[in-house]
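Working notes, beginning with the structure itself.
Only the coordinates and a few stated rules stand behind these numbers; no lab work does. A quick note: this is a predicted structure, and the numbers were derived from the prediction, not measured. When we count neighbours, we look across all protein chains shown, and the Cβ atoms used for this are built from the backbone with ideal geometry, even at glycine.
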Amino acid sequence: MAIWNLGSINIDRVYRLDSLPLPGETLTSRSHNSGLGGKGANQSVAAACAGAVTHHLGAMGPGDDWVIERLAARGVDTAHVARMADQATGHAIIMVDDQAENAIVIHPGANRAIDEDHLTRSLTGIGAGDTLLLQNETSGQVAAAQAANAAGARVIYSAAPFDLQAVRQVLPHVTILAMNEGEAAQLFAALPGDLPVQGLLITRGSKGAEYRDLTTGRTHEQASFKVTPVDTTGAGDTFAGYFAAGLDGGLSIPDALRRASAAAALQVTRPGAGDAIPTAAEVDAFLAAQS
């Protein structure tokens with residue numbers, strides 16, 4: 001079993017401020033740093049840190065070799081990451097205030113120029129029992145989901161950033177749909193009635209998370225762990241990656257939810273996104289301390 005993740009790779013440029021700027025306002029940041037980010041890269045790192053064999057599918061520009069090295073150092077297989085001479089590596093400008101709230105501007109770059117033929121060739125190794133992760137920051141989502149379905153793999157789709165048309169296109173090929181509560185509200189308003197998926201994973205930040213099994217009608221709830229947040233960027237990605245790895249490793253839904261919640265709780269106590277994701281050993285120690 002393995003995780004195959006078609007996901008964005010971004011360089012996060014993080015600026016820390018006393019407050020987020022209002023329209024027309026210019027503020028001076030207290031600090032700046034660059035690190036690994038992108039919803040896809042974050043989820044790949046989380047899945048690999050959780051112990052899953054993780055293959056990243058994506059694209060970058062011709063430079064920024066440290067990004068590939070950082071992914072590999074966290075245990076992610078990067079053999080299927082394309083390098084595009086005519087595209088910039090995706091990057092994000094992230095502003096974080098004293099309350100750990102953030103505002104983000106993303107330039108997708110190579111993430112939105114992924115070649116579908118290259119993508120489907122890369123997915124020839126996926127099989128039954130494997131999991132395909134998807135987010136809404138790349139091209140090629142439908143082609144990848146179709147290929148994974150044909151191979152008998154589970155497909156987990158994070159509908160973020162939310163785009164109704166993108167959701168409509170990929171939804172017929174999805175096994176589990178993952179959203180935060182704001183995205184879920186938008187989806188339910190636009191698509192009332194039953195959804196053609198087996199499960200819904202809804203994260204609610206400090207209010208915890210829930211998994212709705214649409215095949216049995218049962219709902220599993222997980223409370224959040226109480227921590228003092230430093231930076232909430234990437235928390236949902238950490239949750240999704242750990243949750244997918246839990247299912248890949250044979251955990252029950254409640255156990256996968258609990259482990260994912262612990263990983264996300266640890267992640268928000270540290271600055272950064274992908275670089276702040278905890279290891280399996282750190283999550284184990286955190287959970288042991290809870291009991």
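Worth pointing out:
- Candidates Gly250, Gly127, Gly75, ranked by Gaussian network fluctuation over the chain, Cα under 10 Å, top entry: Gly250
- In sequence order, the stretch 191-201 has phi-based couplings of 10, x, x, 6, 9, x, 10, 7, x, 10, 10 Hz under the Karplus curve 6.51 cos²θ - 1.76 cosθ + 1.60, θ = phi - 60°, and Gly or Pro positions carry x.
- Ranking His55, Gly199, Gly274 by how far each Cα lies toward the positive end of the dipole of the chain (charges on Cβ) leaves Gly199 at the top.
- If only the Cβ of Lys and Arg carry +1 and only the Cβ of Asp and Glu carry -1, the dipole of the stretch 168-263 around its Cα centre is close to 140 debye.
- Computed about the Cα centre, the dipole magnitude for the chain is approximately 340 debye when only Lys and Arg (+1) and Asp and Glu (-1) carry charge, each at its Cβ.
- Sequence ranges 178-189, 261-272, 149-160, ranked by mean other-Cβ count within 10 angstrom, highest first: 261-272, 149-160, 178-189
- Selection of trypsin sites (Lys or Arg not before Pro), the stretch 24-131, meeting DSSP coil and at most 12 other Cβ within 10 Å: Arg30
- Candidates per GluC sites (Glu not before Pro) in the stretch 67-146, loop by DSSP, up to 16 other Cβ within 10 Å: Glu101
- Using the Karplus relation 6.51 cos²θ - 1.76 cosθ + 1.60 with θ = phi - 60°, the per-residue 3J(HN,Hα) values for the stretch 50-60 come to 6, x, 7, 5, 10, 10, 9, 10, x, 8, 9 Hz, with x marking Gly and Pro.
- Here the Gaussian network model covers the chain, with springs between Cα atoms less than 10 Å apart; of Leu191, Leu134, Leu57, Leu191 fluctuates the most.
- The chain - percent relative contact order, Cα under 8 Å, separation 6 or more: 19
- Global geometry of the stretch 68-199, whether rounded, prolate or oblate, following the gyration tensor of its Cα atoms and the 1.5 cut on a/c: oblate
- Neighbourhood charge, 10 Å Cβ-Cβ cut-off, centred on Asp130 and excluding it, Lys, Arg +1 and Asp, Glu -1: 0
- Beyond 17 Å, the tail of the calculated P(r) for the stretch 1-126 holds 59 percent of the Cα pairs.
- 3J(HN,Hα) along the stretch 153-169: 8, 6, 10, 10, 10, 8, 7, 9, x, 5, 9, 4, 5, 5, 5, 4, 5 Hz, from the Karplus curve 6.51 cos²θ - 1.76 cosθ + 1.60 with θ = phi - 60°, whole Hz, x for Gly and Pro.
- For the stretch 153-220 and the stretch 238-281, distance of Cα centres in Å: 18
- Among Pro23, Ala41, Ala147 - extreme Cα towards positive end, dipole of the chain, charges at beta-carbon: Ala147
- Reported label for calculated semi-axes √(5λ) of the Cα gyration tensor in Å given (1) 36, 18, 17; (2) 26, 24, 19; (3) 66, 17, 16: (2)
- Environment charge of Asn42, counting only residues whose C-beta is closer than 12 Å and scoring Lys/Arg +1, Asp/Glu -1: -1
- Relative contact order, whole percent, for the stretch 8-163 stands at 23, derived from Cα pairs under 8 Å and 6 or more residues apart.
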